[in-house]
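The values are calculated or read from the model by the stated rules, or taken from the named source; none is laboratory data. The shown structure was predicted, so the numbers you read here are calculated from the model rather than taken from an experiment. As a convention, Cβ positions derive from the backbone with ideal geometry for all residues, glycine included, and neighbour counts pool all protein chains shown.
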Amino acid sequence: MVAHSSEVYIPLNVNQSPFNVGLPIELKPFTPEQVSDLAQRYGLEWTDAETQQLIELVGGYPYLIQVALYHLWHQDVTLDEVLQPDGFATGIYSEHLQRQLWNLQQHPELAMAYNQVVSTATPVELSLVQSIRLQSLGLVHLQGNLSLPGCRLYADYFRDRSKPNR
């Protein structure tokens, strides 16, 4: 079994690459029912309103949902603390957000494109390559040829950070 969490953009020999085998499987965002079920499995007493608040923050991304529920279960944080934009840089998502920021800083053209996406309230048309690369990082959702932030967490965190040379 070969597993990797994002697209590979380095040139590889198609006849020798481990990434040209198997079937790619993309995890879809969790539905409210799946989030509620997972919260229940963690033993959390969870309301539909709390489920909706978490989904609105992280867009249903399975990894981000799991991180929140894990920390809530451990009682490291409250849901109110998770939802506060002031704490994104230092809270439970800080390492993940820093990795994403590092990815953008390694590719200034992507940082500039992503800055366009998070700086406006309307979806933005980017080049096909930029859209696909940002989508593979989970930073955007695509609606046809238009890109919009993957979730509110990303939009709020990256609004001032995705500019190149920051």
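Among what's in segment 44-64 and is of a type in the set (A, V, I, L, M, F, W, C) and under 17 Å from the mean Cα position of the chain (by Cα), pick the residue that is surrounded by the fewest Cβ atoms within 10 Å (Cβ to Cβ).
Out of the qualifying residues, it is I55.
Given the criterion modelled with pLDDT of 95 or more, of a type in the set (S, T, Y) and surrounded by 10 or more Cβ atoms within 10 Å (Cβ to Cβ), identify the matching residue among S6, S17, S36.
Exactly one residue qualifies, and that residue is S36.
Among the candidates I132, I65, single out the residue that is under 18 Å from F30 (Cβ atoms), out of contact with any strand residue (DSSP E or B) (no Cβ under 8 Å at 6 or more places or on another chain) and of a type in the set (A, V, I, L, M, F, W, C).
I65
I need the full set of residues from segment 30-69 which are outside any helix (DSSP H, G or I), farther than 24 Å from A155 by Cα and not β-branched (V, I, T), in order please.
Y42, G43, L44, E45, W46
Across segment 65-114, what is the total count of residues that are of a type in the set (A, V, I, L, M), within 24 Å of E125 (Cβ to Cβ) and surrounded by 17 or more Cβ atoms within 10 Å (Cβ to Cβ)? Show your work before the answer.
Looking only at segment 65-114, we keep the residues that are of a type in the set (A, V, I, L, M), and these are 65, 67-69, 72, 77, 79, 82-83, 89, 92, 97, 101, 104, 110-113.
Subsequent filtering for residues that are within 24 Å of E125 (Cβ to Cβ) retains 101, 104, 110-113.
Next, from what is left, pick out any that are surrounded by 17 or more Cβ atoms within 10 Å (Cβ to Cβ): 101, 104, 110-111, 113.
Adding up the residues that qualify gives 5.
Going through segment 22-69 one residue at a time, which ones are over 15 Å from G150 (Cβ atoms) and among the hydroxyl-bearing types (S, T, Y)?
Selection gives T31, S36, Y42, T47, T51.
When segment 139-160 is examined, which residues are found to be surrounded by fewer than 20 Cβ atoms within 10 Å (Cβ to Cβ) and in contact (Cβ under 8 Å) with a residue 40 or more places away in the chain?
H141, R152, D156, R159
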